[in-house]
Amino acid sequence: MEELRRLSIQYYQNTVGIRFFGIKGGIFLIFSTPFLLISLYLDFELHAENIMLLPISVCVFLWAQAKKEYDQNLIRHLSFYSHLESKKVSDHKALYLHELTYHVAPSLFETMKIFKEIVETNNKNGNFVLDNIGYHFSKFLYDPESKSRILSLIIYLISLIAILTVIKPESQYSIYQVMQDVPWDVVQSYFLFSLFFIIFGYFLIVLPIMFIVTYVAVPILLKFSSLAVLSRFFISELNRYSYLEQKIQSTSVSN
């Protein structure tokens with residue numbers, strides 16, 4: 001377990017960090033902030049959805065340039081360990097993981113299985129001592145083995161609430177009649193508006209949130225997280241790049 005923690009910290013320190021944006025990437029992020037604020041102001045204050053597409057497009061372009069700088073700096077840093085000329089971050093991460101864990105198992109998949117089993121064994125055999133206070137406190141709050149009983153209780157409560165609140169209303173209107181009375185042009189306008197709202201919402205809400213979570217929130221959370229969180233992150237990375245290192249090595253040998 002201690003080896004897993006050591007490797008998790010080492011991998012995190014060499015692959016995750018806002019510092020990989022560099023000066024150039026940081027400038028892109030700084031210049032993108034006003035465009036993001038302008039687009040939010042145009043949307044929520046002036047309700048000018050058509051005009052706000054221009055500043056949000058500029059913001060997304062600057063984020064793409066910042067991400068490019070991040071990837072280039074990360075590749076430059078990892079190439080010291082991987083000795084690759086590849087331009088893919090995944091290739092460098094896979095070989096770095098392989099070099100980092102080769103003493104555990106010859107492949108990333110086997111290493112992932114070993115560490116996963118170690119974590120499961122450690123969780124099942126946590127002694128009732130002060131060092132394991134976090135584990136026993138979480139078990140006190142919620143035990144995964146009681147999931148079925150909790151689910152059954154929730155279903156019973158929902159059924160009880162439904163029985164107490166459902167009242168059959170007396171209405172002279174039919175839902176089918178209402179649907180037939182709706183004009184076709186109204187239906188078309190509704191679907192076109194829904195399509196525009198989905199695309200608009202993705203670029204304005206989902207894409208910025210994904211960028212901030214990936215390159216800002218995750219590094220900060222991992223920086224201040226416990227070793228257990230870092231270990232889960234490390235195992236997820238092993239699972240993500242499993243077998244990729246073998247493909248890269250075979251390609252390098254053939255070349």
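Structural remarks
- Distance cut-off 23 Å, percentage of C-alpha pairs in region 1-94 lying past it: 45 percent
- Estimated inter-spin distance, Val229 and Phe196, nm [label 7 Å along Cα→Cβ]: 4.1 nm
- For the cross-link pairs Lys68/Lys223; Lys24/Lys223; Lys68/Lys113, the ones whose C-alpha atoms lie over 28 Å apart are Lys68/Lys113.
- Chain lengthening between Thr121 and Lys24 when straightened (0.36 nm per residue, less Cα-Cα): 30.4 nm
- Listed residue pairs exceeding 27 Å between alpha carbons, taken from Lys67/Lys116; Lys93/Lys116; Lys116/Lys247: Lys67/Lys116
Computed from the coordinates by the stated procedures, all read-outs in this text should not be read as laboratory data. In this text, all values refer to a predicted model and were calculated from it rather than measured experimentally. Using ideal geometry, Cβ is built from the backbone for each residue, glycine included, and neighbour counts are taken over all protein chains shown.
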